[in-house]
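Here is the structure we will look at.
Rule-based calculations on the coordinates, nothing more; no lab input. Just so you know, these numbers come straight off a predicted model, no measurement behind them. Don't worry about glycine lacking a Cβ; one is built from the backbone with ideal geometry, like all the others, and counts go over all protein chains shown.
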Amino acid sequence: MSVITAAALAESTVLGIALAMDAMAVTLSNSLCEPDMPLSKKFGMPVAFALFQMMMPVFGYLGGTLIAEYIERYAGIVSLVILAFVGGKMIVEAVRELREPEACPAARLTWATIGMEAVATAIDAFVVGVSFAAECKDVVLYCGMIGVTTLVCCLLVLALGRKLGERFGARAEVVGGIVLILIGVKAFLGL
């Protein structure tokens, strides 16, 4: 059993917040597009997003563990490439959103749509889970913090609603992408 260090706790929290940016943006968009959304869906969204954000890195970790002995020598560069790719993708999508904001869909939000959004926002977390295997990270700590931070961040978005959307919008996703890239650089440098 590994000891939880303050550094690992801080890093897992920051990583969780960075990965939660997509889910936060979708939560905000859904709540703005359907302001009279039933409470069950308002609270179901953050729970669904948190569960998928927590489980996808586990799947990535398990897949990465199968090939870990082959990538252990190059763990830093593998983590940098993966996290830089994911972070860069988040930044590009956020900049695109800033340039061309999406219009609200005509249909009401369904549970199936929430499920698809939960999977879509957690794909990045799957890739990050592969880097956990490469760096032999404490998957329970990291995945748990990713789930908790996603839940808390999405609940905060619901509570702050329009004010947060008007103030930060896609810019928060840019910050999340930058944080992922910085964590990748840290892994590459062996810090």
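Assorted remarks:
- Ordering of 45-54, 115-124 by packing is 45-54, 115-124, highest average first (other Cβ atoms within 10 Å, averaged per residue).
- Among 3-12, 89-98, the order from most to least packed when residues are scored by Cβ within 10 Å on average: 89-98, 3-12
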